[in-house]
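S.K.: Before I ask anything, here is the structure I am working with.
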Amino acid sequence: MIAPKDELTALLTLNKIEGIGPAKAKVLYEQTGSALEIFRSYRNLSDIIPGVTQRLIEALDDSGSLFAAERELQFIRDHSIRCLTFEDNDYPVRLRECSDAPLVLFALGNMNPNPLHCVAIVGTRKATIYGRQLTERLVRDLSVKCPDTLIISGLAFGIDVSAHKSAMENNLPTVGVLAHGLDKIYPAAHRNIAGQMLSNGGLLTEFMSGTTPFKQNFIQRNRIVAGMADAVVVVESGDKGGSLITARLAEDYCRACFTFPGEVGRDTSAGCNELIRNNRAGLIQSANDLIKDMGWSDAKPPEPVQRELFPDLTPGQQKVMERLNKDIKGVQLNTLVVDCNIPVGEMLSILLELEMKGLVHSHPGSLYTC
């Protein structure tokens, strides 16, 4: 195979190869240092990375993927699409830490993927009047009390589109994460809404043009919704569905998850009530509850502890304390992970040790203060 000529072409080629999912692509990328290096050394990958199969090597040797990537580059140029690669400053920092984060995202519109606050609002496609009203009130109140919040959802019928519409009505930026390429809008009925979102927010996807919105793509899409957010709010949900998958992903990524309680026996409340019953989501009744539990309120927290008083801290513990001391209102877990460049598992261990020393305090919504 002729090697791709630049890093972006290499990333698109990797994205086009069947059988290499986001998690495997990220491992290859991190082990070799770049997408270009993957293709330059693909014949010897089994010597570099344990577990690389001959089938994977043969897939990397398929020139058809390179040709498809070059066609995609032309599509990107023709439609003024932004490519957010893994090393770009504009790549969503919250998402980057996730083990299966895509190496490249395609963006259309006027969006800031790294706002101060990011809330994902999801729910059933069969939203009730009650659910739509909850969504509208939540977004309206966030626009007043946290005007620097980005609202993200999946542009689907029901709660998703209500969240996008409410964000636009209240001048909050909103991003729709798609389960297909930017050459189409699904559902087609939301084409006008998608167009309106481009001026303050926009559309984001990991899928290349020509991708059919198959069922599994929506499940894959949900991890981006969860990974980009500080908090996921499930407004209404049945006992099965994509919203519950997004809630589970939020838990996997150590994101906060909240839901509104619903009427007992109502189908569209079954999933929300189950999340609460199993302690997998915090119960909220308003934006005030969300803001308080996320530590976004103006209440003054305790004065920060001076790190110099504790010389027995490990380098990792010192780094975490330094970061916490910079923000007396507290810091989200995912922000700590990114800012300190410490993996989630190691970060949780450090925070537990600091809590046992009495130096750090944990709060609802994965918020930490010192």
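The values are calculated or read from the model by the stated rules, or taken from the named source; none is laboratory data. From a predicted model like this one, the values you see are computed outputs, not experimental measurements. Here the Cβ positions follow ideal geometry from the backbone for every residue, glycine too, while neighbour counts run over all protein chains shown. Just the protein is used for accessible areas: all its heavy atoms, side chains included, with ligands, DNA and RNA removed. Shrake-Rupley method; radii C 1.70, N 1.55, O 1.52, S 1.80 Å.
S.K.: Take the solvent-accessible surface of the protein heavy atoms, probe 1.4 Å, and return the percent of it on the stretch 1-144 that carbon and sulfur atoms account for.
M.R.: 47
S.K.: Then there's this: Based on the Cβ-Cβ distance of Lys5 and Asp252, what FRET efficiency does E = 1/(1 + (r/R0)^6) give at R0 = 45 Å, to the nearest 0.05? Present the calculation step by step, with values, prior to reporting the outcome.
M.R.: Details: r = 37 Å, r/R0 = 0.82.
The value I calculate is 0.75.
S.K.: While we're on this one: Excluding same-chain residues fewer than 8 positions from Lys145, which aspartates and glutamates have a Cα within less than 15 Å of its Cα?
M.R.: Straight-distance partners of Lys145: Glu136, Asp289, Asp293, Asp298.
S.K.: Just to be sure I understand: of the beta bridges DSSP finds with both ends in the chain, what percent are antiparallel, rounded to 5?
M.R.: Numbers: 14 of 35 bridges.
Taking every DSSP beta bridge with both residues in the chain, the antiparallel ones total about 40 percent.
S.K.: Right, next: The stretch 73-136: Rg/Rh from Cα coordinates, Kirkwood Rh?
M.R.: 1.10
S.K.: Still on this model: Tell me the net charge near Ser41. Cut-off is 13 Å between Cβ atoms, Ser41 excluded, with +1 for each Lys or Arg and -1 for each Asp or Glu.
M.R.: -1
S.K.: Here's a follow-up. Note down the relative contact order for the chain as a percent, whole number, built from C-alpha pairs under 8 angstrom at least six residues apart. Mind dumping the intermediate values first?
M.R.: On the way: 681 pairs, mean separation 47.0, N = 370.
Relative contact order of the chain: 13 percent.
S.K.: If R₀ is 30 angstrom, what is the calculated FRET efficiency for the pair Asp267 and Lys292, using the beta carbon separation as r and rounding to 0.05?
M.R.: 0.50
S.K.: A follow-up question, please. Could you tell me what percent of the accessible area of the stretch 148-282 is made up of carbon and sulfur, with a 1.4 Å probe and every protein chain present?
M.R.: After summing per-atom areas, the C and S share lands at 50 percent.
S.K.: Extending each Cα 7 Å along its Cβ direction at Asn89 and His363, get the distance between those two points in nm, one decimal.
M.R.: Each label point lies 7 Å from its Cα, and together they span 3.0 nm.
S.K.: Quick one: of Lys24/Lys215; Lys292/Lys319; Lys126/Lys165; Lys126/Lys215; Lys126/Lys184; Lys26/Lys165, which pairs are farther than 28 Å apart, Cα to Cα?
M.R.: Values: Lys24/Lys215 21 Å; Lys292/Lys319 26 Å; Lys126/Lys165 16 Å; Lys126/Lys215 17 Å; Lys126/Lys184 23 Å; Lys26/Lys165 34 Å.
Result: Lys26/Lys165 exceed 28 Å.
S.K.: Based on the mean of other Cβ atoms within 10 Å per residue, sort peptides 201-207, 52-58, 157-163, 69-75 so the most packed one is first.
M.R.: Descending mean neighbour count gives 157-163, 201-207, 69-75, 52-58.
S.K.: Whole angstrom only: what separates the Cα centroid of the stretch 99-139 from the Cα centroid of the stretch 1-75?
M.R.: If we compute the Cα centre of each part, the gap is 31 Å.
S.K.: Based on the alpha-carbon gyration tensor of the stretch 207-273, what equivalent-ellipsoid semi-axes (square roots of 5 times the eigenvalues) come out, in whole Å, largest first?
M.R.: The equivalent ellipsoid of the stretch 207-273 has semi-axes of 24, 16, 8 Å.
S.K.: A further question follows. Just add up the charged neighbours of Gly21: K/R +1, D/E -1, any other residue whose Cβ is under 15 Å from the Cβ of Gly21.
M.R.: So the environment of Gly21 carries a net charge of +2.
S.K.: With +1 on each Lys and Arg Cβ and -1 on each Asp and Glu Cβ, and nothing else charged, work out how big the dipole of the chain is about its Cα centre, in Debye to the nearest 20.
M.R.: 860
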